[in-house]
Structures are given as structure tokens and as C-alpha cells.
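Here the structure comes first, spelled out in C-alpha cells, and everything after it is commentary.
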Amino acid sequence: QVRLVESGGGLVQAGDSLRLSCAASGRAFNGYAVGWFRQAPGKERDFVAAIRYSSSSTYYADSVKGRFTISRDAANTVSLQMNSLKPEDTAVYYCAARNGLAYLTHRYYDFWGQGTQVTVSS
């Protein structure tokens, strides 16, 4: 069992940056893929970025390429650095993990954090 805890959300202005962190407990991330997803009110949960923890291979949604960076940090933590934030980035951001390959859809992830709110004002 993997327990995920997100942190780092908040209220910022357009153009600002935020860094989200996802910390795992219960077992190490080795062999796992870790993804970030986001969900705005009334919308589906969308893929943002993912990383294959052992190889550091990364994947991004087109809407965030060049602005967001997913990375593995020390001690079973994966971060999402978000730069040049836009109002359309406003959503609850979720960290998720699965054993194996990274997928770009939330349906294949088995473990989820509680979510952290990111609000970008114009």
C-alpha cells in the first residue's frame, strides 16, 4: 500500500510560480510511475505530467509543456514545478502512483493523494 500526501498549493497571480510536492509513505517509489492530474469544477480529471521513478522518463500534457516540470526529489518525493501559471491552470491537483509504466490517463493509477488546490487569478 502506498500513501500519498500532496503539498504546495495556493493562490497566486497569473505569471507566478508554484511548486507542488508528493510524498510517499508505506513503500518506496522505485518501480512506480507517479503522475500529476488536475480537476476543475464540473470537468474531468485531466493528465498533467508523469514520471517513471526508476528511469526519470517524463511525460507532459501539451497544455503544460515548457511551463511545468516534474522531477523526482530525495526520499520518495516527486515534485511539480509550475511556472508562468495561467488562470486556466486553476484546479485541484492530485498526485497518483501505479506500479509499472506511466499512463496518461487517471484510470490506470491505483493510489491517490487527497489533492491540493491551485488557484490562479488574472
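The values are calculated or read from the model by the stated rules, or taken from the named source; none is laboratory data. Remember, it's a predicted structure, so these values are computed and weren't measured experimentally. As a convention, Cβ positions derive from the backbone with ideal geometry for all residues, glycine included, and neighbour counts pool all protein chains shown. These area figures cover heavy atoms from the full protein model, side chains too; ligands, DNA and RNA do not enter into them. Shrake-Rupley method; radii C 1.70, N 1.55, O 1.52, S 1.80 Å.
For the stretch 83-111, which residues satisfy the criterion of being more than 11 Å from Tyr32 (Cα to Cα) and in contact with a Leu (Cβ under 8 Å, 6 or more places away or on another chain)?
Scanning the stretch 83-111 gives Leu85, Tyr93, Cys95.
I'd like to verify a number: residues in the stretch 52-77 that are closer than 22 Å to Ala28 by Cα and either at pLDDT below 95 or of a type outside the set (A, V, I, L, M) (or both), how many? Write out each step before concluding.
Our first condition is that a residue be closer than 22 Å to Ala28 by Cα; within the stretch 52-77, this holds for 52-59, 69-77.
After this cut, where a residue has to be either at pLDDT below 95 or of a type outside the set (A, V, I, L, M) (or both) as well, the list is 52-59, 69, 71-77.
Residues in the stretch 52-77 being closer than 22 Å to Ala28 by Cα and either at pLDDT below 95 or of a type outside the set (A, V, I, L, M) (or both): 16 in total.
Answer yes or no as to whether Thr69 is under 24 Å from Ser121 (Cα atoms), of a type in the set (Ser, Thr, Tyr) and without any contact (Cβ under 8 Å) to a residue 40 or more places away in the chain.
So Thr69 fits the description; yes.
Against the condition modelled with pLDDT under 95, open to solvent by 20 Å² or more (accessible area, probe 1.4 Å), more than 19 Å from His106 (Cα to Cα) and among the charged types (D, E, K, R), how does Arg27 come out, does it pass? Quick ask: steps written out before the conclusion?
Numbers: modelled with pLDDT under 95: yes; open to solvent by 20 Å² or more (accessible area, probe 1.4 Å): yes; more than 19 Å from His106 (Cα to Cα): yes; among the charged types (D, E, K, R): yes.
In short, yes.
Being under 21 Å from Gln117 (Cα atoms), modelled with pLDDT of 95 or more and among the charged types (D, E, K, R) narrows it down to one of Arg38, Arg3, so name that one.
The conditions single out Arg38.
Hey, can you tell me all the residues within the stretch 1-13 that are hydrophobic (A, V, I, L, M, F, W, C) and open to solvent by less than 50 Å² (accessible area, probe 1.4 Å)?
Val2, Leu4, Val12
Sort out for me the strands (runs of 3 or more DSSP E) sitting completely within the stretch 31-122 that have 2 or more residues that are out of contact with any helix residue (DSSP H, G or I) (no Cβ under 6 Å at 6 or more places or on another chain) and buried (at least 18 other Cβ atoms within 10 Å of the Cβ).
32-39, 46-52, 68-73, 77-82, 91-99, 116-121
If you scan the stretch 72-111, which residues turn out to be free of Cβ contacts under 8 Å to residues at least 12 places away in the same chain and of a type in the set (Lys, Arg)?
Arg107, the sole residue that qualifies.
Hey, does the stretch 13-20 have a residue that's part of a strand (DSSP E or B), touching a residue at least 12 places away in the same chain (Cβ under 8 Å) and among the hydrophobic types (A, V, I, L, M, F, W, C)? So that I can check it myself, show each step before the final result.
Within the stretch 13-20, the subset part of a strand (DSSP E or B) is 13, 18-20.
After this cut, where a residue has to be touching a residue at least 12 places away in the same chain (Cβ under 8 Å) as well, the list is 13, 18-20.
Then keep just the ones that are among the hydrophobic types (A, V, I, L, M, F, W, C); that gives 18, 20.
Looking through the stretch 13-20, at least one residue is part of a strand (DSSP E or B), touching a residue at least 12 places away in the same chain (Cβ under 8 Å) and among the hydrophobic types (A, V, I, L, M, F, W, C).
Under the condition of being at pLDDT below 95 and among the aromatic types (Phe, Trp, Tyr), which residue from the stretch 78-108 is nearest to Val64 (Cα to Cα)?
Tyr103
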